[in-house]
Amino acid sequence: MAPMTLDRKLAILSDAAKYDASCASSGGQKRNSRDGKGLGSTTGSGICHAYTPDGRCISLLKILMTNFCIYDCAYCVNRVSSNVERARFSVEEVVRLTLEFYRRNYIEGLFLSSGIIRSPDDTMGEMVRIARSLREDHHFRGYIHLKTIPDAAPELIEAAGLFADRLSINVELPTDRSVQTYAPEKSPDRIRRAMADVRLRKEAGQERSHTGKRPPRFAPAGQSTQMIVGADGANDATILQSATRLYSGYRLKRVYYSAFSPIPDASSALPLVKPPLVREHRLYQADWLLRFYGFEVDEITAAAPGGNLDLGVDPKLAWALAHRERFPVDVNRAEREALLRVPGLGVKTVKRVLATRRHRALRYDDLRRMGANLKQARPFITLPDWTPRSMVDAADLRARVAPPPEQLSLF
Amino acid sequence: MRRITLPETGTFEAWRDAARSLLAADVPPEAVLWQRGAAEEDLFAEDALPPAGGGQVTVPRGFVDLARRVVWHRDPERFGLLYALLWALRRERGLLSDRGDPRVARLQGMAKAVGRDRHKMTAFVRFREIGEPEAPRRAFAAWFEPAHFIMEPVAPFFTDRFGDMDWTIATPDLTAVFEGGRLRFEAGQPRPPLPEDATEELWRTYFRSIFNPARLKVSAMTAEMPRKYWHNMPEAALIPGLIAGAGARAAEMAEALAGCRRCPLWRDATQAVPGEGPQDAKLMVVGEQPGDREDLAGRPFVGPAGQLFDRVAAEAGLDRGAAYVTNAVKHFKFRARGKRRLHRAPERDEIEHCRWWLDLERAGVRPRLILAMGATALASLTGSGAGLLRRRGGVEETEDGTPVLVTVHPSYLLRLPEDARAAEVARFRADLSRAAEITGCTL
């Protein structure tokens, strides 16, 4: 058989990586190549260099080192029992692709993941060689994200953290039980221990020794994980509780929710349906409320009938509709926390309100200029020249503020 | 009146120095005329700056950040507006944190536009290799058309990132050249010829493969990557094909179309009406927009005009089932009168917004011939619908070279007085049989 071309390998191994939701290249230390001795920079905030028609950003070269795999996870297209075409990159090929794409300003760096070949250690070892070669042989200063294999030896994870900006370990599914059912070779305990280990190493990397020297930085952009939504029966409350545990326990930078895509040649153990994209979107919105708006997970899920978020309105609006006694809020007097809970006012708008309020009273038009979504906010606020009167108690409030129904694909 | 001419590079520093002197000399904003580039004569212009001097001017910290961005905006009023704000700040110290103030809001808006443009430039510049791949310092070049004068302020991003190679970024306003570790600026230029770069093919392979056809969120893509950038991006040419080929192509598109909010017509309509017919049809028939019946049924060409079309097509020997029939605009536009909905012709920008969908249908079906029925279809396909009756019967071309046969819309025939109708129907029949002949879509 003729050897496979690089183009063909790239097609197979990027196709295999596309079910991974993560694309961020943000966070971490700032670097540059102003000295002329290397290539690349990281600015702290990532750049999306292109967008595909699925609405996702292309920031990194997101590929699998190989899609050969000895595991048999039901939700994964690369499981050993799937009959997809297989390919494998050499270390040099990945290095070359990364550098050539980077030089043409196509990408921010590399996001490398892999199927498990031979053993977890062998696979992780090869991934580390790629990262090492980029950093040491080619003085690459762009972004590197390595998806670590929870079962690999601690020394390998340690080395990975020294070369990579971010490490991630996927929890895969929201509950331990689902992991055991659909990914029999993976162990939820080991995944958690690996995440705990990354947190400890990262924190150790921030402490100075008694001589005042800093140890080398470990995964400066932190760690993240991914959960597949819609492949098992877990409801949104379970998913969000699980995410809260991960954020607080392992200091994750992000939890990615990936709507389960009907994977070509999917396993018969899983339903073949359209991916629940709206649900994924609502989960991200809820995730944001948890991290930036001071919401508790119970508050969000209390407004969610049957433990699932309302697909028709966003979770903040759903909460407000269920707590009308808290409104209307006086924009000129309310505390920051109360303002953040008004539908249609985002973090930035609230910041602007607070800054301007110090000088003068705000009026309706001011809010519009500050970027508030007044169509949503209107019933929930009062201003010197605006009062919602009985709007907030009106029975048809939901219909007035909710976006017009679109064709929602309910899972 | 004083006229201040600011240079094309180092604009911020020049503006700052000028503003300082003017402020020190108490020159009010309305007495200054600002411009960028070469100085021109102005009958009423008194010359230049008052003598330098005048102590330091203290401004709130945020103002300098604001000005540093606003000076690169393309709006000719930007320098004057900045100076007016500076002037006002002397009395109203807190003005800058007042995001509700219209002056501040306008300048913040400009700063934001410049920031966004800069960000998009760092994202969408695409280099091609122009030197030897084996050279110790490799050489690359790119062409970019920013919305504002941002080449100079954005250059440090590229020097920081591509420190070990030589590169040139040409824009219509300014060209940045980085050679041997030194950056210099040259005059702007038209698009330079750049050699082919084989890596682009690998990049396109990547773009094609990383796309997940099970999800289609076209508006999310165009919101972040507006079409104006596409022609300089090697991967963008793939987009229409990827969308058209995604999953069960037509069903996917119909679903995306159902959520279309590109123009306000969706508000009053029942539903968007996608085209219908074989996905590999050789003939595509494009009408104006769904009518009352179509809007209710969700299918094209089922109302009176559609029935007339069917009848005449059958007489002309055109197999409607072999053609892909669709409309230039996908939502019904009407005026409600009592209990009736009266048809209204779509506006130019509605046609323009909806062309996105027609283009997708065209990219998917790739017909050999398009039959444009009426001025709206003609405008959408060729860019102009003027002079329909003069152009009918002729074969024109879309932008990508697909032949377009021009004819009238069947509803035009319905509106004609009884005596004139027969002759016009005969001409319409002749056009349809010609279309059937060219494409072989005969009964």
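Only a single criterion out of (1) in a loop (DSSP other than H, G, I, E, B); (2) free of Cβ contacts under 8 Å to residues at least 40 places away in the same chain; (3) within 10 Å of chain B (Cβ to nearest Cβ) is not satisfied by A:Pro3, namely (3). Within segment B:392-443, being outside any helix (DSSP H, G or I), free of Cβ contacts under 8 Å to residues at least 60 places away in the same chain, of a type in the set (Gly, Ala, Ser) and exposed (fewer than 14 other Cβ atoms within 10 Å of the Cβ) holds for B:Gly394, B:Gly401. Of everything in segment B:326-335 that is under 16 Å from B:Cys354 (Cβ atoms) and touching a strand residue (DSSP E or B) at 6+ places or on another chain (Cβ under 7 Å), the residue that is modelled with the lowest pLDDT is B:Phe334. Among the residues of segment A:20-50, how many are within 7 Å of chain B (Cβ to nearest Cβ) and closer than 30 Å to B:Leu242 by Cα? Total meeting the criteria: 4. The criterion of being buried (at least 19 other Cβ atoms within 10 Å of the Cβ) and within 12 Å of chain A (Cβ to nearest Cβ) holds for B:Phe124. Among all positions in segment A:369-388, there is at least one residue which is assigned to a helix (DSSP H, G or I), touching a helix residue (DSSP H, G or I) at 6+ places or on another chain (Cβ under 6 Å) and of a type in the set (D, E, K, R).
Within segment A:69-121, restricting attention to residues that are within 14 Å of another protein chain (Cβ to nearest Cβ) and of a type in the set (Asp, Glu), the residue that is surrounded by the most Cβ atoms within 10 Å (Cβ to Cβ) is A:Glu108. Looking only at residues of segment B:130-155 that are within 8 Å of chain A (Cβ to nearest Cβ) and farther than 12 Å from B:Met233 by Cβ, we find that the one that is surrounded by the fewest Cβ atoms within 10 Å (Cβ to Cβ) is B:Arg138.
One residue alone among B:Leu389, B:Leu371, B:Leu360 is modelled with pLDDT of 90 or more and either surrounded by 19 or more Cβ atoms within 10 Å (Cβ to Cβ) or not assigned by TED's automatic domain parsing to the domain that holds B:Val286 (or both), and that residue is B:Leu371. Scanning segment B:167-205 for residues that are of a type in the set (Ser, Thr, Tyr) and touching a strand residue (DSSP E or B) at 6+ places or on another chain (Cβ under 7 Å), we see that the one that is nearest to the other protein chains (Cβ to nearest Cβ) is B:Thr168. When A:Gln376 is tested against (1) farther than 17 Å from B:Val104 by Cα; (2) at pLDDT 90 or above, exactly one condition is not met: (2).
The residues on offer are B:Phe12, B:Phe44, and the sole one that is at pLDDT 90 or above and among the aromatic types (Phe, Trp, Tyr) is B:Phe12.
When segment A:51-68 is filtered for residues that are among the hydrophobic types (A, V, I, L, M, F, W, C), buried (at least 23 other Cβ atoms within 10 Å of the Cβ) and either within 14 Å of chain B (Cβ to nearest Cβ) or closer than 30 Å to B:Asn232 by Cβ (or both), the ones remaining, listed by number, are A:Ile58, A:Leu60, A:Leu61, A:Ile63, A:Leu64.
Those residues that are among the hydroxyl-bearing types (Ser, Thr, Tyr) and within 26 Å of the chain's Cα centre (by Cα), I need them from segment B:169-208; list them, please. Of everything in segment B:169-208, those that are among the hydroxyl-bearing types (Ser, Thr, Tyr) and within 26 Å of the chain's Cα centre (by Cα) turn out to be B:Thr171, B:Thr175, B:Thr205, B:Tyr206. In the set A:Thr43, A:Thr52, A:Thr66, only one residue is assigned by TED's automatic domain parsing to the domain that holds A:Glu126 and touching a Lys or Arg at 6+ places or on another chain (Cβ under 6 Å); that residue is A:Thr66.
The values are calculated or read from the model by the stated rules, or taken from the named source; none is laboratory data. Since this is a predicted model, take the numbers as computed values, not measurements. All Cβ positions, even for glycine, are placed from backbone atoms using ideal geometry, and neighbour counts span all protein chains on display.
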